[in-house]
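Read the figures in this text as sums done on the coordinates, not as results from a lab. Everything numeric in this text was worked out from a predicted model, so none of it was measured. FYI the Cβ positions are ideal-geometry reconstructions off the backbone, even for glycines, and counts take in every protein chain you see.
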Amino acid sequence: MKPLHKVIIEKNCSFNPIWIMRQAGRYLPEFREIRKKNPNFINLCLNYDLSSEITLQPLKRFNLDAAIIFSDILMLPYGLGQKVEFEKNFGPKLGELDLNKISKIDEVDFVEKIHPIYKAIKKVSLDPSLDNKNIIGFVGAPWTLLVYMINQQSPKKKLKENFFKDEYLINRILLIIEKFLKFHIKNQIDNGANVIQIFDSWAGLLEEKDLPNYVYTPTLNLVNYIKSLKIPVICFPREIKNYKEFCDIVKPDAISIDYNVDPKKILKDVQIPIQGGLDPKILLSDYKNLKKEASKYLDIFKDHPYIFNLGHGILPETNPEMVENLIKIVKNY
């Protein structure tokens with residue numbers, strides 16, 4: 001069996017690898033035990049012993065093909081000195097954005113602040129149980145990080161009023177984000193990550209006319225940088241309307257699709273390997289429905305390089321037994 005990154009590069013479709021977005025975390029009882037004793041989420045991400053243990057928890061339970069490092073896309077603004085905290089039943093809250101302060105941060109300050117993430121990746125990469133499995137590092141896309149840094153919280157369905165009013169601020173912050181994302185990516189790769197996924201969770205908030213400025217160009221710069229390091233890159237531009245245009249311009253090695261995407265249409269439009277699509281809510285149903293829905297994706301992509309995944313993160317109320325069932329369905333296909 002070939003590792004995931006070779007499936008992406010060689011477009012070998014003799015089997016479907018599987019990993020699950022947010023597979024390390026909230027639905028696993030063993031994670032909840034750790035979380036109970038570690039209520040501060042940022043501190044938990046920066047505890048390299050615990051974050052590496054959490055990363056490996058799902059691989060001890062399930063026959064998954066990749067570990068994805070337990071961290072968060074908001075470790076980037078945190079590394080840049082913006083206050084980041086997670087409030088129960090609310091989500092992330094960020095402090096005021098001080099451009100002067102952020103502009104003075106250099107690579108040494110940034111890496112020092114979040115270096116436990118890289119130590120965790122290194123620790124995972126040395127774990128003998130991984131055996132030919134991939135280690136996926138990840139970052140938020142520049143646009144999505146910009147949204148969090150200016151909005152100061154999850155935008156849900158809309159950006160705060162006057163979001164675009166200060167064009168100078170937006171362009172400066174985007175350049176800073178891109179510069180430090182490259183440091184963050186390089187450090188993940190240097191410590192053992194052999195695939196990078198770029199999460200653009202809020203790409204769907206933009207109008208078509210704004211995609212080139214805020215999504216295509218900054219993401220293309222990152223994709224080209226990752227390719228220069230000889231590592232495959234998966235992009236997840238969630239809820240955009242035109243995946244074909246995104247792939248034609250940004251040219252990632254693989255594209256991850258959300259659950260609102262018509263898999264038959266994407267198959268016609270896109271030549272590169274495809275990942276994901278299954279609605280995480282399907283895992284809250286029963287075995288029969290799970291098998292039917294998972295098989296639909298497996299059937300559609302049977303002659304196309306396909307990485308099985310969900311169309312968004314696994315839900316906290318998911319029964320781990322259903323994850324086990326899903327993996328067996330994919331492996332036995």
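Worth pointing out:
- Coil-residue chymotrypsin sites (Phe, Trp or Tyr not before Pro) of the range 124-169, DSSP, other Cβ within 10 Å capped at 16: 163, 164
- Comparing mean-square fluctuations of 228, 51, 256 from a GNM of the chain with C-alpha springs under 10 Å, the top value falls on 228.
- Relative contact order of the range 221-291, defined on C-alpha pairs under 8 angstrom at six or more residues apart (%): 27
- Ordering of 121-127, 234-240, 53-59 by packing is 234-240, 53-59, 121-127, highest average first (other Cβ atoms within 10 Å, averaged per residue).
- In this structure, the pairs whose alpha-carbon distance is over 26 Å, taken from 37/101; 123/328; 36/182; 101/209; 156/292; 122/179, are 37/101; 123/328; 36/182; 101/209; 156/292.
- Label positions at residue 132 and residue 153, each projected 7 Å from the Cα along the C-beta direction, are separated by 4.9 nm.
- Across the range 127-139, coupling constants 3J(HN,Hα) worked out from phi with the 6.51/-1.76/1.60 Karplus curve, θ = phi - 60°, read 6, x, 6, 5, 6, 6, 8, 7, 10, 9, x, 8, 9 Hz, and Gly and Pro carry x.
- Here's the picture: charge each Lys and Arg Cβ at +1 and each Asp and Glu Cβ at -1 in the chain, and of 287, 153, 246 the one pushed furthest to the positive end of that dipole is 287.
- A DSSP coil position with no more than 16 other Cβ atoms inside 10 Å describes the following trypsin sites (Lys or Arg not before Pro) in the range 147-206: 156, 157, 158, 160, 165.
- In this label model, residue 93 and residue 303 are separated by 5.5 nm, measuring between points 7 Å along each Cα→Cβ vector.
- Model label points for residue 251 and residue 109, set 7 angstrom from Cα along the Cα-to-Cβ axis, are 3.6 nm apart.
- Debye intensity ratio in log₁₀ form over the Cα atoms of the range 4-331, taken at each q of 0.10, 0.13 Å⁻¹: -0.55, -0.98
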